[in-house]
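Report on the structure given below.
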Amino acid sequence: MKKGIAPGQALQPRLQAGVKTDSLEIAVHLDGSVGTPGPAQSKAIANLNEEINRCWSGIEPMQHPIDDNLESLKTQCIGQAIEIGVDGRQDGEMGHEPNPALTDTSQHKPDDHAPLRLGLMASGNGSNFEAVARAIEAGSLNAVIKLLVVNNPGCGAQKRAERLGIPCSVVNHRQLTNRESLDRELVRQFQAADVEAIVMAGWMRIVTSVLIAGFPDRLVNIHPSLLPSFRGLDAIGQALAAGVKVSGCTVHLVTEDLDAGPIVAQSAVPVLPGDDNASLAERIHEQEHRLLPMALTELALRWRQG
């Protein structure tokens with residue numbers, strides 16, 4: 001490989017207007033590695049070098065040295081970042097085998113564009129569950145609902161799932177001995193459905209360490225208050241009783257402390273004169289339906305990158 005520009009090497013002498021640079025052989029990869037190109041890449045690189053020299057010939061001389069961080073290098077004619085480097089291997093290290101830096105490794109990387117495989121839990125009307133389903137249908141949330149679990153047979157969420165054609169399971173907590181037994185069954189069903197993350201979309205049961213440990217940092221809840229204010233049951237009634245002027249909703253990760261996990265996103269809702277539980281709840285629910293899919297999009301990016 002022809003010698004490129006080593007990190008920290010001054011580039012100013014090579015970038016004067018009207019001065020052709022030495023040919024730089026470069027190979028750009030998703031992982032930022034650089035290696036010797038093959039015949040097809042060499043031809044493309046030769047064309048790129050000609051284009052770079054043609055563009056630089058019309059650029060005024062630079063007044064300041066370029067920062068050593070080559071990621072900041074931007075040309076006026078090329079709309080993408082180019083990573084430039086030196087092959088530091090000694091002759092004979094790699095024999096005559098292909099340079100691994102030029103091997104397509106995309107098949108070994110996580111698919112950042114694969115839909116997030118969701119499990120949802122609901123106890124009541126299921127409007128947040130349907131909001132997630134509608135966001136997926138609209139293409140604003142890249143996910144698929146693998147399973148909805150309800151704990152109240154015949155509840156609104158179950159009827160919505162039947163109408164939307166989404167798999168639904170009923171796990172009646174009244175038929176189990178304790179919360180841990182309920183959570184073990186939830187873990188079993190969600191794992192069988194190949195779920196990556198779980199959303200508590202109006203789940204009216206306190207979860208235990210069994211479920212939390214089954215999906216660490218992948219258990220999400222939406223709560224109808226601006227946490228840390230008004231944790232627990234009847235958060236809207238608590239807000240009205242306190243006389244606050246602003247309420248709202250919070251998406252957060254679930255920990256063993258009730259409604260105390262890391263906050264992902266929040267949306268504020270004004271409390272209007274004459275508001276009662278029903279009127280304030282209606283406006284909060286509107287924000288929940290908007291906020292939850294947005295927060296799941298953010299979490300999916302975080303989980304894919306982590």
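The values are calculated or read from the model by the stated rules, or taken from the named source; none is laboratory data. What you are looking at is a predicted structure, and each value in this text was computed from that prediction instead of being measured. Cβ sites come from the backbone with ideal geometry, for glycine too, and all protein chains shown count toward neighbours.
Per-residue answers, yes or no, for (1) surrounded by fewer than 17 Cβ atoms within 10 Å (Cβ to Cβ); (2) in contact with a Cys (Cβ under 8 Å, 6 or more places away or on another chain):
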{"position": "Ser127", "(1), (2)": "no, no"}
{"position": "Gly139", "(1), (2)": "yes, no"}
{"position": "Ala143", "(1), (2)": "no, no"}
{"position": "Gln158", "(1), (2)": "no, yes"}
{"position": "Arg163", "(1), (2)": "yes, no"}
{"position": "Ile166", "(1), (2)": "no, no"}
{"position": "Gln175", "(1), (2)": "yes, no"}
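Residue-level check: of (1) touching a residue at least 60 places away in the same chain (Cβ under 8 Å); (2) not in a loop (DSSP other than H, G, I, E, B); (3) not aromatic (Phe, Trp, Tyr), Gly202 misses just (2).
Among the numbered conditions (1) more than 19 Å from Leu120 (Cβ to Cβ); (2) buried (at least 18 other Cβ atoms within 10 Å of the Cβ), the only one that Ala278 does not meet is (2).
The number of residues in region 191-227 that are surrounded by 17 or more Cβ atoms within 10 Å (Cβ to Cβ) and of a type in the set (Asp, Glu) comes to 1. Considering only region 259-282, state which residues are in a loop (DSSP other than H, G, I, E, B) and either more than 19 Å from Ala197 (Cα to Cα) or at pLDDT below 95 (or both). Once the filter is applied, which keeps residues that are in a loop (DSSP other than H, G, I, E, B) and either more than 19 Å from Ala197 (Cα to Cα) or at pLDDT below 95 (or both), region 259-282 yields Val271, Leu272, Pro273, Gly274, Asp275, Asp276. Please go through region 284-293 and give me each residue that is farther than 15 Å from Ile198 by Cα and within 13 Å of the chain's Cα centre (by Cα), ordered by number. Correct list: empty.
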